[in-house]
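Just so it is clear, none of the values below were taken in a lab; they were calculated from the coordinates. Model, not experiment: these values are computed from the prediction. Cβ coordinates were reconstructed from backbone atoms using ideal geometry, including for glycine residues, and neighbour counts include every protein chain displayed.
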Amino acid sequence: MIRLSVNINKIATLRNARGGNIPNVLEAAINAQKYGAQGITVHPRPDERHIRYSDVYDIKPHITTEFNIEGYPSDRFMQLVLDVKPHQVTLVPDPPDAITSNAGWDTKKHKKFLTEIVQTLKANGIRPSIFVDADLEMIKHAADTGTIRIELYTEPYAKLFPIDKWKAVEPFVKAAEYAKKIGLELNAGHDLNLQNLNFLARQIPYLKEVSIGHALISDSIYLGFENTIQLYRRQLEWNVPNVD
Ligand code: PXP
């Protein structure tokens, strides 16, 4: 089973556009789980322009599924995750002013830093996941840090998918097979949507989790939040071999 973790950052972006508390981020997290999300993802950025650090503390007691916090492991971020103790922390290399994550880690260059962070997370009972491109060398160096999982950065897949889906998925299947062979668990995320998700899930059925935000929250404007979550769940289940 590939779990669907719903990234609720965009709900916070909408709330912050007006001040006040509409839409309510905590309510969105609770409802997403009620509607079938198997995890909640948040990505607090240093400027708190969408999810605020305080949201993360507020949401934690209401998580009945899996809580995934993404972010660059600054001192402040590490303090937050060690306080909140989510199930998983996904380490991303974003500079503070990035609009969104736009590359995986250079795990060779930052191996020492990442190794220390990974050890700290593991010592505190938090599963580390490192965001990487579908690049075998980067995956190998990620494994050297002792991380349990990696998250494949799927934007290149999503971009090429409408033109040539087989060509788009090929490097991801290769990367996933290699990661599996060297003992890493696998997540995937970025720009996944109702069009490209099922194909990826069928080619890489041993993915553990996908985290999806932008397209899912956008779809729910038209299709409704509950219906949209169910539609995404179906993409992960329809004709996907049952591999653990
Ligand atoms: N994974 C990571 C590491 C991310 O930074 C993001 C965006 O916050 C996502 C997944 C989700 O991407 P999208 O919003 O395009 O679904």
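The C-alpha radius of gyration of segment 1-87, expressed as a fraction of 2.2 N^0.38 Å, stands at 1.03.
Subtracting the Cα-Cα distance of Asn31 and Thr64 from 0.36 nm times their residue separation leaves 10.8 nm of extension gain. P(r) tail, segment 186-244: Cα-Cα pairs separated by more than 12 Å, 64% of all pairs. Annotation: average projected area of segment 37-166 is 8.7 square nanometres, based on the convex hull of Cα atoms across all directions. Sorted into 10 angstrom bins from 0, the C-alpha pair distances of the chain split as 8, 34, 39, 18, 2 percent. Entry note, the chain: the mean residue ellipticity at 222 nm calculated from DSSP H runs of n ≥ 4, each adding -39500 (n - 2.57), is -13500 deg cm²/dmol after division by the residues and rounding to the nearest 500. At full extension, Lys159 and Glu177 could sit 4.3 nm farther apart than now, given 0.36 nm per residue minus the alpha carbon distance.
The modelled label-to-label distance for the pair Arg76/Phe199, using points 7 Å beyond Cα in the direction of Cβ, is 4.0 nm.
Computed on segment 28-74, the Cα convex hull volume stands at 70 Å³ per residue. Connecting C-alpha atoms closer than 10 Å in a GNM of the chain, tell me which of Ile217, Ile139, Ile163 has the biggest fluctuation. Comparing Ile217, Ile139, Ile163 in a Gaussian network model of the chain, the most mobile one is Ile163.
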